[in-house]
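The values are calculated or read from the model by the stated rules, or taken from the named source; none is laboratory data. Computed from a predicted model, the values in this text were never measured in an experiment. Cβ sites come from the backbone with ideal geometry, for glycine too, and all protein chains shown count toward neighbours. Protein only, heavy atoms only, side chains kept; ligands, DNA and RNA dropped before computing areas. Shrake-Rupley method; radii C 1.70, N 1.55, O 1.52, S 1.80 Å.
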Amino acid sequence: MSGNNVYQWIPVRWSLTGLRQVMGQEIAKVTRDEQWRTPLPGTRATWNHLRQMAQVVPRITVWEGPWLLMSDAAVFTDVLAGYEVASPDEQVAIREALWFWGALHWGYYANDTTWALASYLMTTWPPDFWKSLVQWPSRPVRDWLRLERRVMYLRVAIDAAAKGRVQTRWGQGWIDCRPLIPNTNGIERSEPI
């Protein structure tokens, strides 16, 4: 992908915290733990907490890889560097992060919006870090179809936010898009949704 400014074509408030907050809505719905709806930090502790919860509520394991990808760059870099010594479960989550990265580019639901998301992620990482991702295995994953649906989940939320909609339909529920809607008064939004 050339040009890291593709994300600027989509008028949303690009933020890793906001993206995690949008992803956290589905986690909160399944786990009934409302903390996932709040702006959580992209730390390894948060990612480890998600992984621990997935042991109890397996339906959220699909978010382990995408959450890692949306974690702070230092966390993703550190976890990826430890791939060889990671536990088998952690290796799967790392592969799913890498698979998700690829799906943003070439997956079934890839389009301008997902390319913009990939472009934004590239701006949060060290220069040319994204080029090193192809050296890591991105398969096998637990459920590629559910991972594809998570790509669509983020695409739907970003597209709705770009149109200024505070929520959008997702299945039988709604995605709250406020964490991604640009702030028009110059004050960063960080309150829970």
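A dipole drawn for the stretch 9-176 from +1 and -1 charges on Cβ atoms has a positive end, and of Ala116, Tyr153, Val57 the residue lying farthest that way is Tyr153. Accessible area per residue for the chain is 48 Å², calculated with a 1.4 Å probe on protein heavy atoms, without ligands, DNA or RNA.
Annotation for the stretch 124-189 versus the stretch 27-45: alpha-carbon center distance of 15 Å.
Between Gln167 and Cys177, the built amide H atoms are under 5 Å apart, and every one of these is 5 or more places off in sequence or on another chain.
Across all directions, the shadow cast by the convex hull of the stretch 9-176 built on its C-alpha atoms averages 9.1 square nanometres.
Computed from the C-beta positions of Phe129 and Gln55 and an R0 of 25 Å, the FRET efficiency is 0.25 to the nearest 0.05. Summary value for the chain: 28 percent relative contact order, contacts being C-alpha pairs under 8 angstrom separated by 6+ residues. Give me the percent of the accessible area of the chain that comes from carbon and sulfur atoms, probe 1.4 Å, all protein chains in place. About 53 percent, which is the carbon plus sulfur part of the accessible surface.
Net charge of the neighbourhood of Glu64, taken over other residues with C-beta under 12 Å away and scored Lys/Arg +1, Asp/Glu -1, is +2. Look at the alpha carbon pairs under 8 Å that are at least 6 residues apart: their mean separation over the length of the stretch 62-150 gives a relative contact order of 38 percent.
For the stretch 1-50, the calculated P(r), taken from all Cα-Cα distances in 10 Å bins from zero up to the bin holding the longest distance, is 24, 42, 24, 10, 0 percent. I want to make sure I understand the PRE zone here: with the label point 7 angstrom from the Cα of Gln35 toward its beta carbon, which residues in the stretch 54-75 have backbone N atoms less than 20 Å away? Output list for this probe position: 54-72, 75.
Computed packing ranks the peptides 123-135, 30-42 as 30-42, 123-135, most packed first, by mean other Cβ atoms within 10 Å. Ranking Trp67, Trp106, Trp115 by solvent-accessible area of protein heavy atoms (1.4 Å probe, all protein chains present), from largest to smallest, gives Trp106, Trp115, Trp67.
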